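We did not get these values from a lab; they are worked out from the coordinates using the rules stated. The structure presented is a predicted model; accordingly, all values stated were derived computationally and were not measured. Here the Cβ is made from the backbone with ideal geometry for all residues, glycine too, and neighbour counts use every protein chain on show.
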Amino acid sequence: MDIERRKKKREKLFWVLMTCNTCAIATYFCKYIYKEPCMTSNQTGEDWMNDVLNGHYIRCINAFRMESSVFRQLCEELHLTYGLEPSKKMTVVEKVGIFIYTLALGISNREVAERFQRSGETISRAFHEVLEAISGRSRAYMGLARDIIKPKDRSFSDIPSQIEHDSRYMPYFKDAIGCIDGTHIDACIPEAEQLRYRGRKGIPTFNVMATCDFDMCFTFISVGWEGSAHDTRIFLHALHTPELNFPKPPEGKYYLVDKGYPDRKGYLVPYPKTRYHKDEYQHEPPTNEKEAFNRSHSSLRSCIERSFGVLKKRWKILRQMPQFSINTQIDVIMATFALHNYIRKSSTNDLMFSMLDNNPDYMPNEEIPDVADYRSSETSRETSKEMDLVRDGIANQIWSRT
């Protein structure tokens, strides 16, 4: 009886093992050997891109936020200058299309995969290849961002045309070389690390400091700081870190900054405890030289707020960042700034920039400046006597001609 029982147990164990092995083999076959096609649309991603790039110009602007000619030029430069290569089954144009489409609409990998009829893995690989070509991270090539986010002339020898040909600012601000300000960009941060990234609005953000010229091109950015970091701390770090290559103002030149930045040589702040933003002068004009100065300072410095506004309006990913690693999110932000400059420098008919050029007082609603109460603000920091003299001289000039 014992022999019979053991024999039946062995037979039962044999069939159990056979069943398990068969299930394992079937699962492996279905997952790795036989795959039912998923992306079966007759219009491939490449076909769709060719249709958009050769169709009505608005279609390309809606999908890629730039004109077709600018998009093709960008693809060529990323290939020839920054080492972006095609693969066996994907052209450089489609790779760049995947990347720009993701930035423009701020959509998920799955949605981009459906649009381009590619697997999620292929979409992710193409996205990161283009991101590396622009950011320059982990590459032998310098990235596009490093070549395009910089001043046209580091000596700042010429008077900006936006000042030289505008009687509101010339000759008062002829020595101004640009503006400095910060902006908060949404971050996707693991819950355990969110506290230090929470800014004034209580949500995780990156605090990005930037300088821009009066043509609304960014000339420097400091990316990656937590939303809780103070503007002054970021500014001083940029100033005292040689590796960042911050474009410091030459002797006699200065940046326009708001009251959140240190009042020191080369950085011109408005008068404290005095009306500042243009909106505050709509119904009551300046009544003294300090108010006249602050109104002009605010008007000229608004170029960086307008630049931030059009940046966020163009690239929706900055308002709904996907679940990338923190380093990837930083590179994405850097890429949007680089593409902002690229479009500004390459296109004379860009719709967003044309709207700003034709409407000097228009402010994109994505970056409305905070109306700070300059009249009641207090400052305990030491002020720059030299910049105070510069400010007083400009204020007297403006007031004498009012």
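Using the crude model of +1 on Lys and Arg Cβ and -1 on Asp and Glu Cβ, and no other charge, please compute the dipole size for the chain relative to its Cα centre, in debye to 20. Taking the Cα centre of the chain as origin, the dipole is about 1760 debye. Among beta bridges from DSSP that stay inside the chain, the antiparallel ones total about 75%.
Convex hull of alpha carbon positions in the stretch 45-147: directionally averaged projected area 6.2 nm².
Residue order for Leu105, Leu351, fewest other beta carbons within 10 angstrom first, comes to Leu351, Leu105.
Ranking Val96, Gly266, Pro286 by how far each Cα lies toward the positive end of the dipole of the chain (charges on Cβ) leaves Val96 at the top.
Quotient of the Cα radius of gyration of the stretch 263-327 and 2.2 N^0.38 Å, N being its number of residues: 1.59. Rounded to the nearest Hz, the phi-derived 3J(HN,Hα) couplings of the stretch 183-191 under the Karplus curve 6.51 cos²θ - 1.76 cosθ + 1.60 (θ = phi - 60°) are 9, 9, 10, 3, 10, 10, 10, x, 4, where x marks glycine and proline. The alpha-carbon atoms of the chain define a convex hull whose volume equals 210 cubic angstrom per residue. Relative contact order of the chain: 16 percent, from C-alpha pairs under 8 Å at least 6 residues apart in sequence. Taking N as the residue count of the stretch 75-219, its C-alpha radius of gyration divided by 2.2 N^0.38 Å amounts to 1.37. Net charge dipole, the stretch 45-147: roughly 220 debye, given to the nearest 20, about the Cα centre with Cβ charges of +1 for Lys and Arg and -1 for Asp and Glu. With the helix formula -39500 (n - 2.57) applied to DSSP H stretches of n ≥ 4, the chain reaches a computed 222 nm mean residue ellipticity of -14500 deg cm²/dmol.
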